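Data block below; observations after.
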Amino acid sequence: MKKHILPTLTAAVLTACAPSTRIPTAATTPSPAAEPATPPAAPNWQEQAEAFLKEYSAEYQRLYTQSSEAEWRSNTRIVAGDTSNAGATARANERMAAFTGSTRNIQRLRELLEHKQDLTELQVKQLQTALYNAANSPQTIADVVKRRIKAETAQTEKLYGYDYKYQGKSVTTNDLDELLRKENNPLKRQQIWEASKAIGPTLKDGLLNLRDLRNQTVQALGYPDYFSYQASDYGMSREEMMTLVRKINEELRPLYRELHTYARYELAKKYGVKQVPDYLPASWLPNRWGQDWSAMVDVKGLNLDPVLAKKGPEWQVQQAERFYQSLGFRALPAVFWEKSSLYPLPKGATYKKNNHASAWHMDLNQDVRSLMSVEGNTEWYETTHHELGHIYYYLTYTNPEVPPLLRQGANRGYHEAMGSLMGLAATQKPFLAGLGLIDPKAKTDETQTLLKEALNYAVFIPFASGVMSEWENSFYADKLPADQLNARWWQLAKQYQGIVPPTTRGENYLDPATKTHINDDPAQYYDYALSYVILFQLHDHIAKKILKQDPHATNYYGSKEVGQFLADIMRPGSSKDWRAVLKEKTGEDLSARAMVEYFQPLMAYLKQQNKGRKYTM
Ligand code: X8Z
Ligand code: ZN
């Protein structure tokens, strides 16, 4: 999850205009009535915008910082029964909302934007961003906004304060994930999987309430629903976004179909099940949501788990930093090491913390932190690179050229792509050999390596662009009825992922709510699908054009040219149009071409393996 943009503060460029004018536009500057002889000088709109933005940005940054500090405490110290952090967070977010959504600010923003043609591009972008932020907190409906803020804080506490139990004992989500990667007994697997879903029903009332409040909030400034609001951050309508993610899914479908068939047969063999099921039982997969199956394959000579377990979690974070530094990025600032919360809480701690990885830009300046529970294994190794990608993005666009309001990704997908790209690069063989993490002389199987990668990156697409995006689209835009929430989830899981629950899951469960983003990063999971598409486009360019290496076997380490390429994308933040950035840097529009091409060599192998097997999707 990306806490790099706080849920209540979500900010970005608004290109699709908010049509409603429920707030009357302020009259233009009154002309001095007493002196009709000399016409008043036309207002200098650029100067006016500059003055407004200067004052606005200073206050915005001040309140943003207070809000981040409060949120940080709420996410790193959750004490059962103690609502003091939640109270402080709600108050800080209310102050932020009262400012960003104030009627006065909205009026002024609209007035200035009416003179768009007289303003600089940078001014227009900032004003649009501020107006976009306003739509999340319009003070014309202050009461709704207040209730939404309170409900969001309460949902977060519930989500991360939950006490997961397996076999009668408290367990962490790290424990459950580890069990799902390793356990071979299908009955036990089902119990583990069910334990991971027990949180769902506890979140139902809160989520339904949040749906209404989120929709109502953005409707006040003319957005039809919360999903449309989030999509507009890309300058796209809801329909355009859904068309895009469906297209991406279609393009990767032939590969997914092969992977799905392969997995059904291989897992049936592994679990000793004679009748191969048409659809994959969710509890068979090494991930709570079936979004990453890479743990299914162990590539001889490339298994990092034992090495990483020995090196330990601290080493992993330091190593990720070294990788970025080798490309020319600076060392992480001292505050990162002092104030981040990087490792699991000690056993017996009297409080809990958010168990999902995130990166924070606390003050839109140099205070950057990460919240993780890093353990020594491959999954956390990749996640650490992912989070540092957010951190280096923050540090790179924090420069005098980029005003605070535009310190965000070219779009949200880019923000997710950077670190995932580095995560991919940090697992390729030449990189690992160069680092001494594997034996450079060891013969490794290239097909198995590519298969393992496909089970990670390609398998993710139907989950992200299919199940998650479609469900949230139905939930927010179509107001999915409360008695169809779980049914819709499993219908989508079957359709897109070919996955079914191990037993019937009625509406007494709420399995979508077990995914953190559904609660606290709402209606934007397609960011991750787009980020994978973008990351393969960037990787393809880096490998072929910069490093002149095979995309399947690269070593970015030490390449200042690669660092330059990435920093050039990060530096402007959202002051540049995201489509223009991609075109300029790769020569391409957004496209799954590179991703499909990357996995193409795997198709022949999978077809061979699947010969004579029954395809069900
Ligand atoms: O939530 C995340 C990051 C935090 S921004 C760890 N990710 C998605 C997930 O875990 O579901 C990374 C990829 C997908
Ligand atoms: Zn992220």
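Of the solvent-accessible surface of the chain, computed with a 1.4 Å probe and all protein chains present, 52% belongs to carbon and sulfur. Coupling constants for the range 277-284 follow from the phi torsions by the Karplus curve (6.51 cos²θ - 1.76 cosθ + 1.60, θ = phi - 60°), and in residue order they are x, 5, 10, 6, x, 4, 6, 7 Hz; glycine and proline get x.
Structure note, pairs K169/K347; K429/K560; K300/K452; K182/K347: Cα-Cα distances above 18 angstrom occur for K429/K560; K182/K347. Per the Debye calculation on the chain with a single equal scatterer at every Cα and no solvent contribution, log₁₀ I(q)/I(0) for q = 0.09, 0.10, 0.11 Å⁻¹ amounts to -0.71, -0.89, -1.08. The largest-to-smallest principal axis extents of the Cα set in the range 473-591 are 54, 34, 23 Å.
How high is the FRET efficiency between N303 and A154 when r is their beta carbon distance and R₀ equals 30 Å, given to the nearest 0.05?
It comes out at approximately 0.10.
If you take the Cα centroid of the range 501-568 and the Cα centroid of the range 415-454, the two points sit 15 Å apart. As a length-normalised measure over Cα pairs under 8 Å and 6 or more apart, the relative contact order of the range 380-423 settles at 63 percent. Between helix 84-100 and the chain there is an angle of about 50 degrees, using the helix long axis and the longest principal axis of the Cα atoms. Converting the Cα gyration tensor eigenvalues of the range 67-141 into ellipsoid dimensions via √(5λ) gives semi-axes, longest first, of 34, 13, 7 Å. Remind me, relative contact order of the chain in percent, using alpha carbon pairs under 8 angstrom and six or more residues apart? In percent, rounded to a whole number, it is 20.
Could you tell me which of the pairs K270/K614; K310/K443; K188/K607; K247/K545 are separated by over 21 angstrom between their Cα atoms in the structure shown?
Numbers: K270/K614 18 Å; K310/K443 23 Å; K188/K607 32 Å; K247/K545 27 Å.
Table pairs above 21 Å Cα-Cα are K310/K443; K188/K607; K247/K545.
First obtain the Kirkwood hydrodynamic radius of the range 275-387 from its Cα pairs, then insert it into the Stokes-Einstein equation at 37 °C and 0.692 mPa s, and state the resulting D in µm² per second as a whole number.
Numbers: Rh = 16.4 Å.
D, rounded to a whole number, is 201 µm²/s.
Tell me, what is the per residue accessible area of the chain in Å², probe radius 1.4 Å?
Details: 23820 Å² over 617 residues.
Per-residue value: 39 Å².
Helix-only estimate, please: 222 nm mean residue ellipticity of the chain, summing -39500 (n - 2.57) across DSSP H runs of length 4 or more and dividing by its residues, to the nearest 500. Could you put the intermediate results ahead of the total?
On the way: 24 runs with 331 residues, N = 617.
Per the formula, -17000 deg cm²/dmol.
Binning all Cα-Cα separations of the range 190-282 at 10 Å, short to long from zero, yields these whole-percent fractions: 13, 22, 25, 28, 10, 1. The rule of thumb for compact globular proteins, 2.2 N^0.38 Å, goes into the C-alpha radius of gyration of the range 63-197 1.53 times.
Beyond 29 Å between alpha-carbons counts as too far, so tell me which of K197/K479; K204/K311; K353/K479 fall in that bin.
Numbers: K197/K479 23 Å; K204/K311 41 Å; K353/K479 32 Å.
Correct reply: K204/K311; K353/K479.
Along the Cα-to-Cβ line of M603, 7 Å from the Cα, sits a label point; which residues in the range 214-251 have backbone N less than 19 Å from it? Within reach of a label on M603: 247-251.
In the range 417-476, Rg over Rh equals 1.18, where Rg is the alpha-carbon radius of gyration and Rh the Kirkwood radius from pairwise Cα distances.
So if I take the alpha carbon set of the range 154-234, get Rg, then get Rh from the Kirkwood formula, what is the Rg over Rh ratio? Mind showing how you got there, number by number?
Working: Rg = 17.9 Å, Rh = 15.2 Å.
Here the Rg-to-Rh quotient is 1.17.
Inter-label distance, K544 to A334: 4.7 nm, where each label sits 7 Å from its Cα along the C-beta direction. Taking only the alpha carbons of the range 131-199, we obtain Rg and Dmax values of 18.9, 57 Å in that order. In this structure, L345 and R91 have a Cβ-Cβ separation that, at R0 = 22 Å, corresponds to a calculated FRET efficiency of about 0.25. Compared with the dominant principal axis of the Cα atoms in the chain, helix 103-113 is inclined by about 90°. With 10 Å bins beginning at zero, the pair-distance distribution over Cα atoms of the range 395-507 amounts to 11, 25, 23, 24, 14, 2 %.
Building the convex hull from the alpha-carbon atoms of the range 177-332 and averaging its projection over directions returns 15.0 nm².
What size of dipole, in debye to the nearest 20, comes out for the range 78-186 about its Cα centre when the only charges are +1 on Lys and Arg C-beta atoms and -1 on Asp and Glu C-beta atoms?
Working: 16 positive and 14 negative charges, 58 e Å.
Computed about the Cα centre, the dipole is about 280 debye.
Here the dipole of the chain is about 1580 debye; that uses its Cα centre as origin and unit charges on the Cβ of Lys and Arg (positive) and Asp and Glu (negative). Extents of the range 38-106, largest first, come to 69, 18, 10 Å (Cα atoms, principal axes, whole angstrom).
The values are calculated or read from the model by the stated rules, or taken from the named source; none is laboratory data. Only a predicted model underlies this, so the values are computations on that prediction, with no experimental measurement involved. Glycine gets a Cβ as well: all are built from the backbone with ideal geometry, and neighbour counts include every protein chain shown. Accessible surface areas use protein heavy atoms only, side chains included; no ligands, DNA or RNA. Shrake-Rupley method; radii C 1.70, N 1.55, O 1.52, S 1.80 Å.
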